Amino acid sequence: MQSLGIFKEPANESRVSVIPDTVKRITQTLNMEVWVEEGAGIRAGFTNKAYEEAGAKIVSNSNIFKNSEGLLSINHLYRGEEVEDGKSFIGIYNLMYHRQRISTYQKSNLSVFSLDMVPRTTKAQSMDVLSSMASLSGYKAVIKSAELYGSVLPMFTTAAGTLKPAKVLILGAGVAGLQAIATAKRLGAIVEAFDVRRAAGEEVRSLGAKFIEVPGYTENTSAGGYAVEQSPEYLKKQKELIHEHISNASIVISTANIPGRKAPLLIEQASVECMQPGSVIVDLASEQGGNCALTQDERMIEHNGVKIIGSSYLAKEMPMASSQMLSANYFSFIKHLKQQNGNAANDPILQGCKVIENGELIHPAFIKNLTSA
């Protein structure tokens, strides 16, 4: 692969996959040509001129398809346009959940790397787009909820009296949840966190939050740090305990997801109706159905005075920071891909995220699913 194309994202996306500083690194250290669609970085604060000065060529969308061997985007943008054989699409396509997208790529002789499937290993940390974006989303979830909440987060003592600190409940103590805990604590809130994984308890407590544990959980060491589906008995106990804590919370931030599955339902309508008017729920699992029964993806609604924000991509609201982090992830991946000459046969990182090779579905997780269907 000797050339890369950077697509302009859709209207609802403010980020860009590669920023000008990274273009310079690609052209100078990897000796690759970079073609950037006109206006690709404008919404993230990066001009066409900045890309040109970094060594990229500014071209139209059709020229991206024509001239680039590696086609980079954040979102799933390919709609079956005519392209030459052998090109590779690289992005964050969430194909485990949006499986209907696969057939579009299979109709052409294309290869697809979905970076949300990069293994969460030490060697692949610099390519981990999910951790990068989850960290920013966890931070933004607290900032956004603090703006919408009807009171203050820290204790306020004035001549007019004392305002009690807000109680913040974090559901899911992965990367997003831990960042939300740290941010809420810095802002002076009382923070509690729930996670099915016992190992998360130590990290939660180290950040100064109370860990809520439900006995009877099931863990899977091969799940790559993600939660796994639980028994019906456990889920019943879990909902009862979460309901109890939600009824006393001012802000709830939910982050629980299972790769390729509908997000677990953790907040039932009855729990929302127990919260005080002016409270806020931020559901970061909304793309996969949401952790709250009332969540609507990419929308904010109000129910009984409680604001419910459904957004799996709050990082988009910080386009400069998120583009900078994503760009570093993409560079690390492109560098690794070039070092391996695009061959995934003996490389666990590429094997983990290469879903389609020259039009053929090759990823074991998808093949297994088709076989068992």
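Restricting to the stretch 128-166, give me the number of residues that are touching a residue at least 40 places away in the same chain (Cβ under 8 Å) and either within 25 Å of the chain's Cα centre (by Cα) or within 15 Å of Asp283 (Cα to Cα) (or both). Of the residues in the stretch 128-166, 21 are touching a residue at least 40 places away in the same chain (Cβ under 8 Å) and either within 25 Å of the chain's Cα centre (by Cα) or within 15 Å of Asp283 (Cα to Cα) (or both). Ile251 fulfils the conditions (1) over 23 Å from Gly174 (Cβ atoms); (2) touching a helix residue (DSSP H, G or I) at 6+ places or on another chain (Cβ under 6 Å) except for a single criterion, (1).
Quick check on my filter: what residues within the stretch 317-356 are surrounded by fewer than 19 Cβ atoms within 10 Å (Cβ to Cβ), of a type in the set (D, E, K, R) and within 16 Å of Gly86 (Cβ to Cβ)? If the condition is that a residue be surrounded by fewer than 19 Cβ atoms within 10 Å (Cβ to Cβ), of a type in the set (D, E, K, R) and within 16 Å of Gly86 (Cβ to Cβ), then Lys338 is the only one that fits. Output the residues belonging to the stretch 278-299 that are open to solvent by 30 Å² or more (accessible area, probe 1.4 Å) and in contact (Cβ under 8 Å) with a residue 24 or more places away in the chain. Once the filter is applied, which keeps residues that are open to solvent by 30 Å² or more (accessible area, probe 1.4 Å) and in contact (Cβ under 8 Å) with a residue 24 or more places away in the chain, the stretch 278-299 yields Glu287, Gly289, Ala293, Leu294, Glu298. Count of the stretch 179-190 residues, restricted to those that are touching a residue at least 40 places away in the same chain (Cβ under 8 Å) and open to solvent by 30 Å² or more (accessible area, probe 1.4 Å), is 2. Inspect all residues belonging to the stretch 123-136 and state whether any of them is modelled with pLDDT of 95 or more, open to solvent by 60 Å² or more (accessible area, probe 1.4 Å) and farther than 24 Å from Phe89 by Cα. No.
Only one of Phe113, Phe89 is at pLDDT 95 or above, within 17 Å of the chain's Cα centre (by Cα) and of a type in the set (Phe, Trp, Tyr); which? Matching residue, one of Phe113, Phe89: Phe113. Each residue in the stretch 258-280 was checked for being within 15 Å of Phe194 (Cα to Cα) and out of contact with any helix residue (DSSP H, G or I) (no Cβ under 6 Å at 6 or more places or on another chain), and 3 pass. Taking the criterion of being on the phi > 0 side of the Ramachandran plot and in contact with an Asp or Glu (Cβ under 9 Å, 6 or more places away or on another chain), the residues of the stretch 263-312 that qualify are Gly289, Gly290, Glu298, Asn304.
One residue alone among Ser322, Ser327, Ser312, Ser332 is outside any helix (DSSP H, G or I) and at pLDDT 90 or above, and that residue is Ser312. Just one of (1) more than 30 Å from Pro277 (Cβ to Cβ); (2) surrounded by fewer than 16 Cβ atoms within 10 Å (Cβ to Cβ) fails for Glu147. It is (1). The number of residues in the stretch 24-51 that are open to solvent by less than 30 Å² (accessible area, probe 1.4 Å), touching a Lys or Arg at 6+ places or on another chain (Cβ under 8 Å) and hydrophobic (A, V, I, L, M, F, W, C) comes to 6.
For Leu314, the requirement of being surrounded by 14 or more Cβ atoms within 10 Å (Cβ to Cβ), more than 20 Å from the chain's Cα centre (by Cα) and of a type outside the set (Asp, Glu) is not met.
The values are calculated or read from the model by the stated rules, or taken from the named source; none is laboratory data. Computed from a predicted structure; not experimentally measured. Neighbour counts run over all protein chains shown; Cβ positions are idealised from the backbone, glycine included. Ligands, DNA and RNA are excluded from the accessible area calculation, which covers all protein heavy atoms including side chains. Shrake-Rupley method; radii C 1.70, N 1.55, O 1.52, S 1.80 Å.
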